[in-house]
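Working notes, structure below.
Read-outs throughout are calculated quantities, based only on the coordinates presented, and are distinct from any laboratory measurement. All values derive from a computational prediction rather than experimental measurement. Glycine also receives a Cβ, built like all others from the backbone with ideal geometry; neighbour counts cover every protein chain displayed.
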Amino acid sequence: MKVIIIEDEILAAEKLERLIKKYDSGIEILDRFDSVTESSIWLGNPDNKADLIFLDIHLVDGLSFEIFNRVQVHTPIIFTTAYNEYALNAFKLNSIDYLLKPVSFDDLFTSMKKLENMRESLSSEPKLKNFEDLSQVLSKIQKNYKTRFMIKVGDKLRSFTCNEIALFYSEGRDVFILLGEGKHYIIDYKMEELQELLNPDEFFRIGRSFIVNINAISGVNIHSNSRLKVKLNQESDKELIVSREKVGDFKDWFSGNQRD
């Protein structure tokens with residue numbers, strides 16, 4: 001098994017490495033990182049492959065959840081942190097377990113056995129050949145995607161299905177939904193939260209400020225510098241440009257393929 005450790009405390013990282021080696025001396029520690037930036041660069045390189053990630057929450061340059069906004073991560077994850085308030089967000093990802101610091105050998109042993117048992121119980125599936133395949137199955141099992149949003153309109157509450165929403169977009173600190181005929185309403189969510197709540201088969205975050213519904217796309221045009229411009233079948237004054245680093249993933253998503 002090949003492992004990476006993402007941890008900004010040197011002593012904690014060294015202790016974790018000792019516990020991993022105690023569990024199985026054959027486990028290979030590929031690398032250690034202490035920041036969102038370094039981790040995103042490594043994970044974003046298709047030549048880098050790990051079977052498991054040990055991931056702290058607080059890193060030197062922000063919360064580790066930002067990694068998942070920058071790159072697609074299919075590798076199973078064991079979170080290790082001193083903060084228990086992030087457990088819900090962690091389990092929306094490819095999380096096997098959530099260990100509170102200081103991590104003991106018993107805690108790590110239980111998590112590793114849990115991972116092995118999951119893999120063994122799913123090994124009868126012919127498509128599950130490695131840990132990454134296991135992660136994709138876990139992700140589908142664990143996630144219950146949001147299907148409706150309740151909006152306050154004047155002194156009334158209205159509910160809209162995700163199918164009715166063409167676009168989520170942010171302006172400053174406010175986030176809005178765009179419906180048919182150009183109607184838009186403010187919602188009490190952050191873009192990062194929406195990215196975790198929405199079904200990725202139907203919604204794609206094309207840039208920092210926009211998440212589009214595939215069913216609302218009427219066309220995609222080639223824009224300057226090999227970027228893409230998305231057109232909606234709804235009225236909108238927004239210029240929807242796919243950010244350069246997401247063009248490849250967007251093409252795969254739009255064509256119905258998922259990148260490994």
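Here V60 and K238 are evaluated by their C-beta separation; at R0 = 30 Å the FRET efficiency comes out at 0.30. Treating r as the C-beta distance of K152 and E202 and R0 as 30 Å, the FRET efficiency rounds to 0.80. Amide H contacts of I151 (H built 1.01 Å from N, in plane; Pro and chain starts excluded): R158, S159, F160 sit under 5 Å, all sequence-distant by 5 or more or on other chains. Each pair of Cα atoms in the range 148-255 enters the Kirkwood radius, and Stokes-Einstein at 25 °C and 0.890 mPa s then converts it into a translational diffusion coefficient of 173 µm²/s.
For the range 102-122 versus the range 1-47, the spacing of their alpha-carbon centroids is 17 Å. 3J(HN,Hα) couplings calculated from phi for the range 198-207 with the Karplus curve 6.51 cos²θ - 1.76 cosθ + 1.60 (θ = phi - 60°) are, in sequence order, 8, 5, x, 6, 10, 10, 9, 8, 7, x Hz; Gly and Pro show x. The modelled label-to-label distance between E171 and Y189, using points 7 Å beyond Cα along the C-beta direction, is 1.9 nm.
Below 8 Å, C-alpha to C-alpha, sequence gap of six or more: please give me the relative contact order for the chain in percent. Across the chain, relative contact order equals 11 percent. Placing unit charges on the Cβ atoms only, positive for Lys and Arg and negative for Asp and Glu, gives the range 1-63 a dipole magnitude near 300 debye about its Cα centre.
Phi angles of the range 184-196 translate, via the Karplus equation with coefficients 6.51, -1.76, 1.60 and θ = phi - 60°, into HN-Hα couplings of 9, 9, 7, 10, 9, 9, 9, 4, 5, 5, 4, 4, 7 Hz per residue; Gly and Pro are given as x. Think of each Lys and Arg Cβ as +1 and each Asp and Glu Cβ as -1; about the Cα centre, that makes the dipole of the chain roughly 720 debye. When peptides 105-116, 29-40 are sorted by average Cβ neighbour count within 10 Å, with the highest value leading, the order is 29-40, 105-116. Here the label points at I10 and I41, each 7 Å from Cα along the C-beta direction, are separated by 2.0 nm in the simple model. Straightening the chain between T161 and N117 buys 12.1 nm, computed as 0.36 nm per residue apart minus the Cα-Cα spacing. Here the chain is described by how far its Cα atoms reach on the three principal axes: 61, 42, 38 Å, from widest to narrowest.
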